[in-house]
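Trainee: First, the structure itself, so that you have it in front of you.
The values are calculated or read from the model by the stated rules, or taken from the named source; none is laboratory data. This structure is a prediction, so every number in the text was calculated from the model and none was measured. Every residue, glycine among them, receives a Cβ derived from its backbone with ideal geometry; neighbour counts consider all protein chains shown. Accessible surface areas use protein heavy atoms only, side chains included; no ligands, DNA or RNA. Shrake-Rupley method; radii C 1.70, N 1.55, O 1.52, S 1.80 Å.
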Amino acid sequence: MHDVMRKLAIVFSFLLLSACGFHLRGDLALPPAMQSTFISYNGTDAGLLRSVARALALADGGIARNPESATAILSLPVAGVQQRVLAKDTEGRPREYEIAVVLVFRVTTPEGVILVPSQEVQRSANVVLDPTQPLANAGDVARAVESLREEAVWDMLRRIAASDVRLPVENGIDDPLEARE
């Protein structure tokens, strides 16, 4: 009985970790071109930027502090959260929201050569609210946004990992990263 409970606890722990967006290192193989990636993002969603940086680090991608020292630039020209009221109660209070996270990305070299063309990732979910519990609703919406944000970021990285990213030939050297050393 004790072994069964322990095994259930381990399985439950893994389910919780996967539900929050946690991924083990090595779960994703980013292209070598992203060994030092600068994230170009002018948006206001700091949570999204943190999610991208954390996911890159977990996928063994390096993060460059400026584009000059980067081997790749991950551009996020469109990234944000959209909320739309789907239903209201009899007093006009929101009862159900549709929440969507939209993420448009592309990967280039610092010189502007496109490694991964522009793509869009979108994740959405509906959140049913209790109009009499505004504080609980705020927490439910925040958790939904965070979960959708993590899903979108990991989907973006999976797409990048699946693409055939090859650095251009530079001065007869197949891998320009060698030329920088």
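Trainee: So in region 33-49, with the set limited to residues that are within 14 Å of R65 (Cα to Cα) and in a helix (DSSP H, G or I), which one is most open to solvent (accessible area, probe 1.4 Å)? Show your work before the answer.
Mentor: Here is the first cut: in region 33-49, the residues within 14 Å of R65 (Cα to Cα) are 34-41, 49.
If we keep only those that are in a helix (DSSP H, G or I) as well, we get 34, 49.
Numbers: M34: 3, L49: 69 Å².
Checking each candidate, the answer is L49.
Trainee: Mind checking which residues of region 115-140 are surrounded by 17 or more Cβ atoms within 10 Å (Cβ to Cβ), among the aliphatic types (A, V, I, L, M) and either at pLDDT 95 or above or closer than 30 Å to R158 by Cα (or both)?
Mentor: Correct list: L115, V116, V121, V127.
Trainee: When residues of region 101-114 are filtered for being crowded, with 16+ Cβ neighbours inside 10 Å and touching a Lys or Arg at 6+ places or on another chain (Cβ under 8 Å), how many remain?
Mentor: So the count comes out to 1.
Trainee: When you go through (1) modelled with pLDDT of 70 or more; (2) open to solvent by 40 Å² or more (accessible area, probe 1.4 Å); (3) not in a helix (DSSP H, G or I) one by one for A79, which number turns out not to apply?
Mentor: (2)
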